[in-house]
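Single-structure report; data block below.
Every read-out reported here was derived from the displayed coordinates using simple, explicitly stated rules and does not represent laboratory data. All of these numbers come straight from a predicted model, not from anything done at the bench. Quick reminder, even Gly has a Cβ in these numbers, built from the backbone with ideal geometry, and neighbours come from all protein chains shown.
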Amino acid sequence: MITLALSKGRIFDDSLPLLKAAGIEVLEDPEKSRKLIIGTTRPDVRVVLVRATDVPTYVEHGGADLGVAGLDVLLEHGGGLYRPLDLNIAKCRMSVATRADFDYAAAVKQGSRIRVATKYTHAAREFFATKGVHVDLIKLYGSMELAPLTGLADAIVDLVSTGSTLRANHLVEVEKIMDISSRLVVNPASLKLKREPLRALIDAFESAIQP
């Protein structure tokens, strides 16, 4: 049995065409079912539904043989996962945003210190370190846009797609950190034990990737 870890939402939806190209169709809609383990049209392949941030953990510790996770999640997770493919799905960018009236350029002069709210503490720390800026990181898990509006932080580091949420909260994107897309991650032990079926899946995914 091959177990694939996916998270509900955009990554799940964007993964379906890749699975179909590999001859795999999921038998139930996760938005309509309460099941966390879903069968597929291939009796030897099943999908487990987990939180996006938990996908790397399930794959790393053998709860799943492979999974699909955003680069943002993988950077925060670290760890020894095999990442054979950039699937080019669920694209967005990780950026710094502030209030429109905040002078970001002046605030990040070499040797300065600013307060940054984010759930991507590892990526934020690395980014500002390369700029020579000291940051006081405030870990948040949601409603990031509130932090600058309430005075909790000077800036946020978050994922941005269209920017409409930022604009609705009178924030502006001041600097892009990196482009984000979802990767296929594989458990190294599984790749040794189930080499042929996993290799076939990886190859099918690769041939289905849209540029």
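Cα atoms only: what Rg and Dmax, in Å, come out for the stretch 92-179?
11.6, 32
Work out, step by step, the length gained on full extension between GLU31 and THR165: first 0.36 nm times the residue separation, then minus their alpha carbon distance; give nm to one decimal.
45.9 nm
For the chain, find the longest principal axis of its Cα atoms and tell me its angle to the long axis of helix 121-130, 0 to 90°, nearest 10.
Roughly 50 degrees, rounded to the nearest 10.
Report ³J(HN,Hα) in whole Hz for each residue of the stretch 72-82, in order, from the Karplus equation J = 6.51 cos²θ - 1.76 cosθ + 1.60 where θ = phi - 60°; Gly and Pro get x.
Result, rounded to whole Hz: 4, 5, 5, 5, 6, 6, x, x, x, 10, 7.
Farthest toward the dipole's positive end in the stretch 92-179, which of ALA117, MET144, ALA97, given Cβ charges of +1 (Lys, Arg) and -1 (Asp, Glu) about the Cα centre?
ALA117
Taking only DSSP H segments of four or more residues, each worth -39500 (n - 2.57), what value at 222 nm results for the chain once the sum is divided by all its residues, to the nearest 500 deg cm²/dmol? Numbers along the way, then the final one.
Working: 9 runs with 69 residues, N = 211.
That comes out to -8500 deg cm²/dmol.
Would you grab the residues whose amide H sits under 5 Å from the one on ILE2? Only those 5+ places off in sequence or on another chain, please, with H modelled 1.01 Å from N.
Those lying under 5 Å, H to H, from ILE2 are VAL45, ARG46.
Show me, for the stretch 154-159, the HN-Hα J-couplings you get by feeding each phi into the Karplus relation (A = 6.51, B = -1.76, C = 1.60, θ = phi - 60°), rounded to Hz, glycine and proline as x.
Result, ordered by residue: 7, 8, 10, 10, 8, 7 Hz.
For the chain, give the magnitude of the charge dipole about the Cα centre (Cβ charges: +1 Lys/Arg, -1 Asp/Glu; no others), in debye to the nearest 20. Walk me through the numbers on the way to the answer.
Details: 27 positive and 26 negative charges, 57 e Å.
Magnitude of the dipole: close to 280 debye.
If you restrict to DSSP beta bridges whose two residues both lie in the chain, what percentage is antiparallel, to the nearest 5?
Numbers: 26 of 42 bridges.
Roughly 60 percent of the beta bridges in the chain run antiparallel, per DSSP.
Along each of its three principal axes, how wide is the spread of alpha-carbon positions in the chain, in whole angstrom units, largest first?
Sorted largest first, the three principal extents are 58, 34, 30 Å.
Roughly what % antiparallel, to the nearest 5, for the DSSP beta bridges in the stretch 92-179?
60 percent
Where in the stretch 1-41 does the label zone of GLU196 land, with the point 7 angstrom along Cα→C-beta and an amide N cut-off under 16 Å?
Only 1-2 pass the distance filter.
I want to verify a result. In a Gaussian network model of the chain, Cα cutoff 10 Å, which of these has the top mean-square fluctuation: SER15, SER143, SER161?
Comparing SER15, SER143, SER161 in a Gaussian network model of the chain, the most mobile one is SER143.
Are any of the pairs LYS139/LYS192; LYS8/LYS139; LYS8/LYS131; LYS20/LYS192 more than 28 Å apart by Cα-Cα distance, and if so, which?
Over 28 Å apart, Cα to Cα: LYS139/LYS192; LYS8/LYS131.
May I ask for the angle, rounded to the nearest 10°, between helix 10-21 and the longest principal axis of the chain, with both axes built from Cα atoms and the value confined to 0 to 90°?
30 degrees
Output the 0 to 90 degree angle, nearest 10, between the alpha-carbon long axis of helix 195-208 and the longest principal axis computed from the alpha carbons of the chain.
Once rounded, the angle reads 60 degrees.
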